[in-house]
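Structure record follows, encoded as structure tokens.
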Amino acid sequence: MVERTSLSIRDLAVQFESEQGVVRALDGVSFDLQAGRTLGIVGESGCGKSVTARSILRLVDRPGRITGGRILLDPGTPAQADLVALNPDSRQMRAVRGGRIGLIFQEPMTALSVHYTVGNQIMEAVLQHSGASPQEARARAIELLREVGIPRPELRLDSYPFELSGGLRQRVGIAMALAGDPDIVIADEPTTALDVTTQAQILALLRGLQERKRIALMLITHDMGVIAEMADDVAVMYLGRIVGFAPVMELFKAPRHPYTRALLRAVPSILAAPRQRLSTIGGAVPHPGLRPTGCAFHPRCTEALEGRCAREAPPPIPPGQAGASCFLAEAVA
Amino acid sequence: MNVLEVEDLRKHFPIRAGLLRREVGRVRAVDGVSFQIAAGETLALVGESGCGKTTVSRCILRAQRATSGAIRFAPEAGRVVDLASLPKRELRPLRRHMQMIFQDPYSSLNPRMMVGDIIAEPLKVNGVPAAERQARVLELLELVQMPPGARTRFPHAFSGGQRQRIGIARALALNPRLVVADEPVSALDVSVQAQIINLLLDLQDRLGLSMLFVAHDLSVVRHVSDRVAVMYVGRIVEVAPTDALYRTPRHPYTETLLAAVPAPDPARRGRRIAVTGEVADPAHPPPGCAFHPRCPHAVERCRTERPELTEAGAGRWVSCHRAAELDLMGVR
């Protein structure tokens, strides 16, 4: 099934400049988001998964800046727009942010103010992205709260966020993200701060909404379990690059990048045998400012090719294709 | 022989209101918890936030004083003390026998102290001579697989995983009888988390550690613990050997928890049971079994009568009226 491509990222590069030097937070990232599909982006700290989300919404703050690449909304259509070319504060960009593209945060309080009621804030978001009257906005806010599974939404409208449990708060966060009726949603670790039973509920909610509204969902997480549960396609990131990309089944069954393989073996499993040891990856993720030469993973890679991986960076994966950015994967294919 | 026996432990926090700060209610954070840890055994205490698992560990370490109950601890063979009632000054010499591994390796190490001094600190406090301290620090660094050169460097030079190793070395400096680890790997990246889990498994084998492992991550718990106690709203609802608990849970809450964990295998997608409702508020626990409003198997009796923790087979205890008749789903 060919889906409409809602967003195309091409060769995206983001740098942070500091006195210690330039940190390449993103170094040539390309992928597509498609209507009705979930792209899972997984990686450890410093891999650039959150910077990717912030770049798309043009929320990268100084000293960081986008230094290259394109972020194309509605690519290949007459309405195509490159978000990189827009001023982050422009009216057009503000209409995209929260309008075309909704954002769900790890900690919903990031998106919510403590000073206003839930209803006020959702109505505000609705008003900003539509020509609704205040009365219509109120009705829409109630509808949104009902949609995200909040019981008795008419009453909840008058609650303050701090009066809500973590799970209800994240539901309100999702309602906020949906207020502008986006067709693209970016969820950045949406369940990381939640208990496991609440996480299961929120993931089920996200999947239901996504299927019903044909949303292009970009789900950022560090949790391979969440990826296995939610994603259609998976991009594995390491130090600012996508090192592996594949449909979810293929990624778990036949991971092509040594990092993906190692990461999957290192994940503790609820299916483990008693006292089962895990395979480990030697060392730790280096600071993005101390990026190793060649393939950034080579110092931790047990399969690195003598003399090559330390010197030469493997080519990026062509967007839309399953593959690995690794000389070994190339040799096999 | 048991290193620790907790019996009917309660910790209630008063809720005060009004001008006279009168007590208007109580949060029963821990409400009648009993368990034992045998020598060389790791018991995991699991549950969701607010279930009281951290309060239990704080009562054991006497960071908080229990409202009632007994915490019998055996610092040496043939000696047993009750940590719940012991006067403060008698507690101090016991501290060396119970040590803590913290969740956050960034805030638990003093940034102004060299790693060697951090690890030697408990030795110094307990009067170990300087020469011996040096040797012991090197031994401990080797034990946690850190290079000897680490001792003259400061914590900021190390990654999260290495800092957690340093924290573990410090906890083990005095050969404690009991280690309390509160979410020791939950702040770490996956690749580093695996290293620390393996290290804990090594240490259990090499040192015969007795450990209370407080955690919310059921996957991690399955790797490192011998037995598991599941808590819900201040009480233990089920205790069982690890494998038995995961394969054949006897309490509906355990079943729910297990079903909620996303397994790292997309082929298992959609094999979950639905999870309903929210964790009950310990200030206003539901009557009867606290889990009944969320329980798919609840009957009238569950709404009125509180079940007690009762024996249900070899080494298994469960607090559910219907435990004998239910056939619950585990993970396999």
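Rule-based calculations on the coordinates, nothing more; no lab input. What you are looking at is a predicted structure, and each value in this text was computed from that prediction instead of being measured. Using ideal geometry, Cβ is built from the backbone for each residue, glycine included, and neighbour counts are taken over all protein chains shown.
Some points to look at:
- Separation of alpha-carbon centers, segment A:267-284 and segment B:1-51, rounded to whole Å: 31
- Cα-based helix-to-principal-axis angle, A:118-128 vs chain A, degrees rounded to 10: 80
- Checked against a 29 Å cut-off, the cross-linked pairs B:K11/B:K124; B:K53/B:K124; A:K49/A:K213 give Cα-Cα distances beyond that limit for B:K11/B:K124; B:K53/B:K124.
- Considering only chain A, percent of DSSP beta bridges that pair antiparallel, nearest 5: 60
- Shape category assigned to segment A:212-333 from the gyration tensor of Cα positions, a/c cut at 1.5: oblate
- Between A:R91 and A:Q276, the contour length at 0.36 nm per residue exceeds the alpha carbon distance by 61.1 nm.
- Antiparallel beta bridges, as assigned by DSSP with both residues in the protein assembly as shown, represent about 60 percent of the total such bridges.
- Listed peptides B:135-143, B:220-228, B:324-332 by packing density, highest first (mean Cβ within 10 Å): B:220-228, B:135-143, B:324-332
- Peptides B:301-311, A:242-252, ordered by how many other C-beta atoms sit within 10 Å of their residues on average, highest first, read A:242-252, B:301-311.
- Amide hydrogen neighbours beyond the local backbone of B:T310, cut-off 5 Å, H modeled: B:V318, B:S319, B:C320
- Shielding of peptide B:182-195 by partners, expressed as the average count of other chain Cβ atoms within 10 Å per residue Cβ, is 6.
- Along its three principal directions, the equivalent ellipsoid of segment A:83-159 from the Cα gyration tensor extends over semi-axes of 24, 15, 11 Å, largest first.
- Antiparallel DSSP beta bridges within chain B, percent to nearest 5: 65
- Dipole magnitude of chain A, debye to nearest 20 (Cβ charges: Lys/Arg +1, Asp/Glu -1, about Cα centre): 260
- Between segment A:29-46 and segment A:184-256, the C-alpha centres lie 8 angstrom from each other.
- Cα gyration tensor category, rounded, prolate or oblate, for segment A:18-102 with a/c compared to 1.5: oblate
- Mean residue ellipticity (222 nm) of chain B, computed from DSSP H runs ≥ 4 via -39,500 (n - 2.57), nearest 500: -8000 deg cm²/dmol
- Partner chain coverage, peptide A:257-268 - average Cβ within 10 angstrom: 4
- In segment B:138-235, taking the dipole from charged Cβ atoms about the Cα centre, the farthest positive-side position among B:V190, B:L201, B:Q164 is held by B:Q164.
- The distance from the alpha carbon centre of segment B:220-296 to that of segment A:105-148 is 34 Å, rounded to a whole number.
- Computed lengthening from B:D8 to B:E311, 0.36 nm per intervening residue step minus Cα-Cα distance: 107.5 nm
- Size of charge dipole - the protein assembly as shown - debye, nearest 20, with Cβ of Lys, Arg +1 and Asp, Glu -1, no other charges: 1040
- Computed label-point distance, nm, for sites A:H287 and B:M1 using a 7 Å Cα→Cβ extension: 4.9
- Gyration tensor verdict on the protein assembly as shown (Cα atoms; rounded if a/c is under 1.5, prolate if a/b is larger than b/c, oblate otherwise): oblate
- Exposed loop sites were defined as trypsin sites (Lys or Arg not before Pro) in DSSP loop states (anything but H, G, I, E or B) carrying at most 16 other C-beta atoms within 10 Å; in chain A the longest segment without such a site runs A:5-213.
- Average beta carbon contacts from partner chains per residue of A:282-295, 10 Å cutoff: 2
- Segment A:29-146 - charge dipole about Cα centre, Lys and Arg +1 at Cβ, Asp and Glu -1, debye rounded to 20: 120
- Helical content of chain A, expressed as a calculated mean residue ellipticity at 222 nm, amounts to -8500 deg cm²/dmol (DSSP H runs of 4 or more residues, -39,500 (n - 2.57) each, divided by residue number, nearest 500).
- Along the axis of the charge dipole computed for segment B:259-315 (Cβ charges of +1 for Lys and Arg, -1 for Asp and Glu, origin at the Cα centre), the listed residues B:V275, B:T304, B:H292 are led at the positive end by B:V275.
- Rounded to 10°, Cα long-axis angle of helix B:190-207 versus longest principal axis of chain B: 80
- Folded to 0 to 90 degrees: helix B:130-143 orientation relative to chain B principal axis, Cα: 50
- Exposure proxy order (Cβ contacts within 10 Å, fewest to most) of A:V23, B:V46: A:V23, B:V46
- Furthest towards positive pole of dipole, A:G36, A:I71, A:F16, structure part segment A:1-91, Cβ charges: A:G36
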